[in-house]
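Please read the structure below before turning to the comments.
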Amino acid sequence: MKKRIAIIGSGFSGLSAAAYTAKEGHEVHVFEKHNQPGGRARQLKTEEGYVFDMGPSWYWMPDVIQDFFEDFGYATSSFFELISLNPQFEMIFSNEKLDVPENFEALKETFEKIEKGASFQLENFMKSAKFKYEVGMKDFVHKPCTNWTEFVSIKIAKNALKLDLLSNFRAYVARYFKDKKLRALMEFPVIFLGASPEKIPALYSLMNYGGYVLGTYYPKGGFYQLVLAMKKVAEEQGAHFHFNCNVDKINVKDKSVSSLVINGEIYEFDEVIASSDYHHTETLLNAEYRNYTADYWEERTFAPSSLIFYLGFNETIPHLKHHTLFFENELDLHIDSIYEKKRWPEKPLFYACCPSKTDHSVAPEGKENLFLLMPIATGIDDNEFVRQKYLMEMLSRLEKHTGVVDLQSKIDFKRSYCVRDFVSDYNAYGGNAYGLANTLDQTAVLKPKIRNKKLKNLFYTGQLTVPGPGVPPSIISGKIVANEINKIKK
């Protein structure tokens, strides 16, 4: 039966849900508070000629993204060109640099030079990680996680031990590698999952396979090309997009959502999918219709927020790769400041993305586009003085790495983004940037439910529900919710 469906928010989960529900023949309307699609993956264009991806910049798990387009008869190449990065990224330590090459055999050689026997260990690690990836990304993450019986299968039971669900990621990595640099390299991908590697299940070694083996890519024109491509796919299925539309309230009648108040006007719908922040969406409901209390959200473990700088420089910066991780300081000290002490780090790590090294269209000729990101705790005090302090710290370390003097004087454009911006722009709980942590007690069925328990036609999708944070999981999340709605006959 054809339904009139509202989708709140046009992040990756919203775009995905729009495409899959519209494909089924429903009348789909997507409401976005900003003037463009993408949510956290919006694009910033400046008068000076710089083009910034405001959010995601790591194109990992290309097969998962390709699966979305294939469901609609396309390939990613139908919309944009993917460039394989070599090196995938560079890691800066206090006394040396480490390139992560595009080719896995070359990566094994790099490991062997650092630690004898590490190439053999890496091969074994990735063999196990590949298995987790194939089971995790093909079976686990596509389940709506309404109850544990979804995971009862001969395949899962037979291979439960191989999935390492009860091992912690840090101990698991330590079984394979002794060198601290190699351990840091393997632990880096899980930092953004929202907890110390000691609290992340070893299952997530699948991310190492999804990145280091399958490769790190860049969509020419920027990550925003993926947003535009998904929007076009959704529109071709019949979805309608409405921008500068803020949802003010969710109205309820007879245990169902009856209408939405959008920019002060009332619109009726049969089903509603919230791709917006889960906690914020619930505040649009009267308290008796919410899935979770304020105490529930207070007790959750959230992934980090971030301090971000979008910088344009009036000259090119030498010795800088597309992706660079500055890990000169202790990883654990920074992690502790995020998850335990909840304060600004004393000796921070940070990440630099310089897409103009790969794509000249994102900066004027002879200039450089640089995105700096430092993961930080949610809910901490955020002011301009603190932002500037950490910018100077990051620029100083960039100068040491590149040999360029006085980078601050060469800044042609500058915009910062931090906790209070995530709150104001995305209604993000605590100013989080990446959703809920993928800790063992916040995995699968233990995540916030995709369906409202009290209202039969309100669903949730995105990084605060299943399967979790990240671009590929968010795309899958939209598909999961769409499938649940498409099953409804009346």
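Each residue of region 77-84 in turn: what ³J(HN,Hα) in whole Hz from Karplus with 6.51, -1.76, 1.60 and θ = phi - 60°, glycine and Pro shown as x?
Per-residue couplings from phi come out as 5, 5, 10, 7, 9, 9, 9, 7 Hz.
Per residue, how much accessible area does region 197-280 show when a 1.4 Å probe rolls over the protein heavy atoms, in square angstrom? Numbers along the way, then the final one.
Working: 3180 Å² over 84 residues.
Per-residue accessible area for region 197-280 comes out at 38 Å².
Antiparallel DSSP bridges in the chain: what percent, to the nearest 5? Each step should come with its number before you reach the end.
On the way: 46 of 64 bridges.
Beta bridges within the chain, antiparallel portion: roughly 70 percent.
Can you compute the modelled spin-label distance between ASP67 and THR301, with each label point 7 Å from Cα toward Cβ, in nm?
Using points 7 Å along Cα→Cβ, the separation is 2.6 nm.
Could you order the peptides 447-458, 462-473, 94-105, 346-357 from most to least packed, using the average number of other C-beta atoms within 10 Å per residue? Walk me through the numbers before you get to the answer.
Values: 447-458: 18.4, 462-473: 25.8, 94-105: 13.8, 346-357: 20.9.
In decreasing order of mean packing, 447-458, 462-473, 94-105, 346-357 become 462-473, 346-357, 447-458, 94-105.
My understanding is that a pair violates if its Cα-Cα distance is over 19 Å; which of LYS180/LYS321; LYS2/LYS23; LYS181/LYS342; LYS23/LYS253 do that in this structure? Could you put the intermediate results ahead of the total?
On the way: LYS180/LYS321 23 Å; LYS2/LYS23 11 Å; LYS181/LYS342 25 Å; LYS23/LYS253 28 Å.
Those over the limit are LYS180/LYS321; LYS181/LYS342; LYS23/LYS253.
Would you please give the residues with an amide H less than 5 Å from that of ILE376, counting only those at least 5 places away or on a separate chain, with H modeled from the backbone geometry?
Close amide H contacts, sequence-distant or interchain: SER305, SER306, LEU307.
Given H placed 1.01 Å from N in the peptide plane, which residues other than close sequence neighbours of ALA274 have an amide H under 5 Å from its amide H?
Long-range HN contacts for ALA274: ILE8, PHE459, TYR460, THR461.
Can you pull the one-decimal nm distance between simple spin-label points at VAL405 and GLU27, each 7 Å off the Cα toward Cβ?
Each label point lies 7 Å from its Cα, and together they span 6.8 nm.
Net charge within 10 Å of PHE309 by Cβ-Cβ distance, Lys/Arg positive one each and Asp/Glu negative one each, not counting PHE309 itself?
+3
Along region 31-41, what does the Karplus equation 6.51 cos²θ - 1.76 cosθ + 1.60 (θ = phi - 60°) give for ³J(HN,Hα), rounded to whole Hz, x for Gly and Pro?
My calculation for region 31-41 gives 10, 10, 6, 8, 8, 8, x, x, x, 4, 9 Hz in order.
When the accessible area of the chain is computed with all protein chains present and a 1.4 Å probe, what percentage of it is carbon and sulfur?
Values: 10050 of 19920 Å².
Carbon and sulfur atoms account for 50 percent of the accessible area of the chain.
Using only alpha carbon pairs under 8 Å that are at least six residues apart, calculate the relative contact order of the chain and give it in whole percent.
Working: 988 pairs, mean separation 118.7, N = 490.
Here the relative contact order equals 24 percent.
Which length gain, in nm to one decimal place, applies between HIS34 and ASN263 when the Cα-Cα distance is subtracted from 0.36 nm times their residue separation? Spell out each step's value before the answer.
Values: separation 229, 0.36 × 229 = 82.44 nm, distance 1.24 nm.
Extending this stretch completely gives an extra 81.2 nm.
List the residues whose amide H sits under 5 Å from the amide H of VAL28, counting only those 5 or more places along or on another chain, with H placed 1.01 Å from N in the peptide plane.
Those lying under 5 Å, H to H, from VAL28 are ILE5, HIS240.
In nm, give the distance between the simple-model label positions of LYS45 and LYS389, each being 7 Å from the Cα along the Cα-to-Cβ direction.
Calculated label separation equals 3.8 nm.
Per residue of region 258-265, in order, report the coupling 6.51 cos²θ - 1.76 cosθ + 1.60 (Karplus, θ = phi - 60°) as ³J(HN,Hα) in whole Hz, putting x for Gly and Pro.
Each residue of region 258-265 in turn: 9, 6, 10, 9, 10, 6, x, 9 Hz.
Per DSSP helix of 4 or more residues, -39500 (n - 2.57); summed, then divided by the residues of the chain. What does that give at 222 nm, rounded to the nearest 500?
Values: 14 runs with 154 residues, N = 490.
That comes out to -9500 deg cm²/dmol.
The values are calculated or read from the model by the stated rules, or taken from the named source; none is laboratory data. Computed from a predicted model, the values in this text were never measured in an experiment. Glycine also receives a Cβ, built like all others from the backbone with ideal geometry; neighbour counts cover every protein chain displayed. Areas reflect the complete protein model, heavy atoms only, side chains present, ligands, DNA and RNA absent. Shrake-Rupley method; radii C 1.70, N 1.55, O 1.52, S 1.80 Å.
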